[in-house]
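One structure is given below, encoded as structure tokens.
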Amino acid sequence: MIAAPNTKQISIPYLLKIGNGKIARIGKYLYDKEMMKIAVFMGKNTANLIEPRFSETLNRYKIEIAEQKSVESIDLDAIAHSAFALPSGLDAIVGIGGGKALDAAKYTAFLLQKPYICAPTILSNDGFCSPGSSLLVQGKRVSARSKMPFGIVIDLDIIKVSPANYLYSGVGDMVSKITALLDWKEAFNRGYEHFSDFASMLAYNSLDLLFLKHSYDIYATEFQRSLASSLTTSGIAMEVAGSSRPASGSEHLISHALDSVSAKPKLHGVQVAIASYLCALLQNNPNTHLLREILEKIGFWEFAASDPIAKKEFIAALGLAPSIKRDYYTILSEKDSFERALVLIENDETLKRVIVDG
Ligand SMILES: [Zn+2]
């Protein structure tokens, strides 16, 4: 049995703002925390989304941007190199944008031991609030331990205009908790992992929050508000657990494998959701039906069917997935899972829509 950690600090975001018009108030949030000198990391096209509101709010509160970067690379060496070349006396690192800008900003803040404020402009996965950064090390994607954000600012006016595929990906990353949590529990039952009931509860609650409260219209502001909160809570569940277990199981292994075998990988959450449904079937997961129904109601299957995954690639990923993480029990560790999955891919009506020949 693996011993549970008994001396551990858990950090959660101190500042959390989710709502309309939040970017236009970021100057005030920084000012209130006496963060008067900052470095800003942005995505390539982020300025178009947030200006002039962002500059105006910073000017109003006399916040100094000591450095502003447009992030194109998430290469660890490049990030480390530029982190230590930043001006001294920074009060915070601010990341605004999609995946890359936030990963680079978060890791920079971790290296410099500065508070990190993140403002995601899309909600395509739960990475923005997680304690890790997805980076490239010698060309390979790795998840490097970094730090939880000090602050999270999500402007729903910006999320509202984000493309639908990002929202589908965000929901996909959320529903994957259904399989991740069961993989984790089974790994614990076999003595391979410690288990945190509190982290598990947070992850389940984040799912409930998203789907029990209201309609399944992904364009509705209230749905997007819940998606933002759910993804945030999922990140916190990982921090509480001290691992990515509450948010990542067999379905994430398949998605990671797809990233390496596919000619053109789909968005993370899209791959994860499809893999999660397959893994739920393999697990005989009691929530399999729920998972399929939720994704049907929000239009996910139709969306995924419009750009399906090639069967060849999916099967190659399935073969590779169990070896992606060493000593990591999931349903894919079971000897008959591969054969059972092949049968499901050929026969399950939903899987046949999204995993096709060619
Ligand atoms: Zn994920």
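Some observations on this one:
Quick grid of which residues meet (1) touching a helix residue (DSSP H, G or I) at 6+ places or on another chain (Cβ under 7 Å); (2) touching a residue at least 12 places away in the same chain (Cβ under 8 Å); (3) in the same structural domain as Trp184 (by TED's automatic domain parsing):
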residue: Gly249; (1), (2), (3): yes, yes, yes
residue: Pro265; (1), (2), (3): yes, no, yes
residue: Pro286; (1), (2), (3): no, no, yes
residue: Ala304; (1), (2), (3): yes, yes, yes
residue: Ala317; (1), (2), (3): yes, yes, yes
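- Failed item, numbered, when Ser243 is tested on (1) part of a helix (DSSP H, G or I); (2) within 16 Å of the chain's Cα centre (by Cα): (1)
- Hits in segment 166-201 - residues which are hydroxyl-bearing (Ser, Thr, Tyr), within 23 Å of Gln271 (Cα to Cα) and either away from the ligand (no atom under 16 Å from the Cβ) or touching a Gly at 6+ places or on another chain (Cβ under 6 Å) (or both): Ser169, Thr179, Ser200
- Any helices (runs of 4 or more DSSP H) falling wholly within segment 270-348 and containing at least 1 residues that are under 22 Å from the mean Cα position of the chain (by Cα): 288-297, 300-305, 311-320
- Among the residues of segment 271-328, the ones that are within 16 Å of the ligand (Cβ to nearest atom), more than 12 Å from Ile355 (Cβ to Cβ) and polar (S, T, N, Q) come to 1 in all.
- Among the residues making up segment 119-144, those that are more than 16 Å from the ligand (Cβ to nearest atom) and not hydroxyl-bearing (Ser, Thr, Tyr) are Ala119, Leu136, Val137, Gln138, Gly139, Lys140.
- Pairing each residue of segment 341-352 that is of a type outside the set (A, V, I, L, M) with any residue that is assigned to a helix (DSSP H, G or I), provided the two are 6+ apart or on different chains, yields C-beta distances under 7 Å for Asp348/Leu281; Thr350/Tyr277; Thr350/Arg292; Thr350/Trp301.
- Selection from segment 257-289 of residues that are closer than 19 Å to Leu231 by Cα and either touching a His at 6+ places or on another chain (Cβ under 7 Å) or not hydroxyl-bearing (Ser, Thr, Tyr) (or both): Leu267, His268, Gly269, Val270, Gln271, Val272, Ala273, Ile274, Ala275
Conditions (1) modelled with pLDDT under 90; (2) in contact with a Gly (Cβ under 7 Å, 6 or more places away or on another chain), marked per residue:
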residue	(1), (2)
Thr7	yes, no
Ile10	yes, no
Pro13	no, yes
Ile18	no, no
Ile23	no, no
Val40	no, no
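- Which numbered condition Ser248 misses (of (1) assigned to a helix (DSSP H, G or I); (2) within 13 Å of the ligand (Cβ to nearest atom)): (1)
- Just one of the numbered conditions (1) free of Cβ contacts under 8 Å to residues at least 12 places away in the same chain; (2) surrounded by 24 or more Cβ atoms within 10 Å (Cβ to Cβ) is not true of Gln113: (2).
- Looking only at segment 202-224, residues that are under 16 Å from the mean Cα position of the chain (by Cα) and either among the charged types (D, E, K, R) or within 14 Å of the ligand (Cβ to nearest atom) (or both) come to 3 in all.
Rundown of residues vs (1) at pLDDT below 95; (2) closer than 29 Å to Leu227 by Cβ; (3) β-branched (Val, Ile, Thr); (4) touching a strand residue (DSSP E or B) at 6+ places or on another chain (Cβ under 6 Å), yes/no style:
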{"site": "Val71", "(1), (2), (3), (4)": "yes, yes, yes, yes"}
{"site": "Gly98", "(1), (2), (3), (4)": "yes, yes, no, no"}
{"site": "Ile117", "(1), (2), (3), (4)": "no, yes, yes, yes"}
{"site": "Ser143", "(1), (2), (3), (4)": "yes, yes, no, yes"}
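- Single residue of Pro149, Pro163 found to be more than 16 Å from the ligand (Cβ to nearest atom), surrounded by 19 or more Cβ atoms within 10 Å (Cβ to Cβ) and either in the same structural domain as Gly21 (by TED's automatic domain parsing) or under 27 Å from Pro265 (Cα atoms) (or both): Pro149
- Elements of the type helices (runs of 4 or more DSSP H) sitting completely within segment 1-82 and holding at least 3 residues that are in contact with a Ser or Thr (Cβ under 8 Å, 6 or more places away or on another chain): these cover 26-32, 46-50.
The values are calculated or read from the model by the stated rules, or taken from the named source; none is laboratory data. Note that the structure is predicted; figures quoted are calculated from it, not measured. Every residue, glycine as well, gets a Cβ built from its backbone with ideal geometry; the counts of neighbours run over all protein chains shown.
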